[in-house]
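The values are calculated or read from the model by the stated rules, or taken from the named source; none is laboratory data. Computed from a prediction, not measured in an experiment: that's the story for all the values here. All Cβ positions, even for glycine, are placed from backbone atoms using ideal geometry, and neighbour counts span all protein chains on display. Ligands, DNA and RNA are stripped out before the accessible areas are found, and what is left, the full protein with its side chains, is counted by its heavy atoms. Shrake-Rupley method; radii C 1.70, N 1.55, O 1.52, S 1.80 Å.
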Amino acid sequence: MDFQTAVFYFFSTVLVLSALRVITARNPVHAALFLVLTFFTAGGIWMLLRAEFLAIALVMVYVGAVMVLFLFVVMMLDINLDRIREGFWSYLPVGAVIGLLMVIEMAIVLGGKYFGLEGMPAPADPGEGYSNTKELGRLLYTEYVYPFELASIVLLVAMIAAIALTLRKRTNVKVVDPAAQVAVKRDDRVRIVSMRAEKD
């Protein structure tokens, strides 16, 4: 066993154990931290496969943005864990059946002749000067430019729809107009009244 294979087995073991701890940890903050460890080890496996762009994107997007948001939400909300675990055993049979179906589907796909080791031989070594990020950018902007632009349009429409749903007019909500606040003059808000002093 060479060094690269040993590192792969080490990362794989940490990945599987941390993924199991994500779903078995009682504390949601600990589960989120184990998910961070899972993403880091998955990025390490991507680096072993010379897919440095996917590894960096996984760490930066999921660990740097999404998981920080998860941690803030979990730590700021007062989550009642006992109420969440009330219906765990009632949903366990349905979850077990769905998990078994997923395992069977993955076995059928990965065990077939199209996705086996014979159908997908190991690619040739591209050499030391090969850049996975450069090759991915070349493919995205040449051969797959139309699907890439279509995906960006779909994301743009989804973003506009989310903003439109959030900023719709509501009649029962008090809102503040910053432009009206800035345009206020002293004479409109303050009235000086001259009153004669009285003696008792």
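Highest first, please rank the peptides 24-30, 34-40, 9-15 by the mean number of other Cβ atoms sitting within 10 Å of their residues.
With the highest mean Cβ count within 10 Å placed first, the list reads 34-40, 9-15, 24-30.
For the chain, what is the accessible area per residue in Å² when the probe is 1.4 Å?
Dividing the accessible area of the chain by its residue count gives 88 Å².
How much length is gained on full extension from Arg196 to Met159, taking 0.36 nm per residue of separation minus their Cα-Cα distance?
Full extension from Arg196 to Met159 adds 7.1 nm.
Candidates (1) 28.5, 108; (2) 19.2, 62; (3) 20.3, 69; which is the computed Rg and Dmax of the Cα atoms in Å?
Recomputing Rg and Dmax of the Cα atoms in Å here gives the entry labelled (1).
For the range 1-103, take N as its residue count and report Rg(C-alpha) divided by 2.2 N^0.38 Å.
Working it through for the range 1-103, the quotient is 1.28.
Per the 1.4 Å probe, what fraction of the accessible area of the chain, in percent, lies on carbon and sulfur atoms?
Whole-percent figure for carbon plus sulfur exposure: 69.
What is the angle, in °, between the Cα long axis of helix 67-76 and the longest principal axis of the Cα atoms in the chain? Nearest 10 is fine, range 0 to 90.
That helix lies at roughly 50 degrees to the long axis.
Relative to the longest principal Cα axis of the chain, at what angle does helix 145-166 sit, 0 to 90 degrees, rounded to 10?
Orientation of helix 145-166: about 30 degrees from the principal axis.
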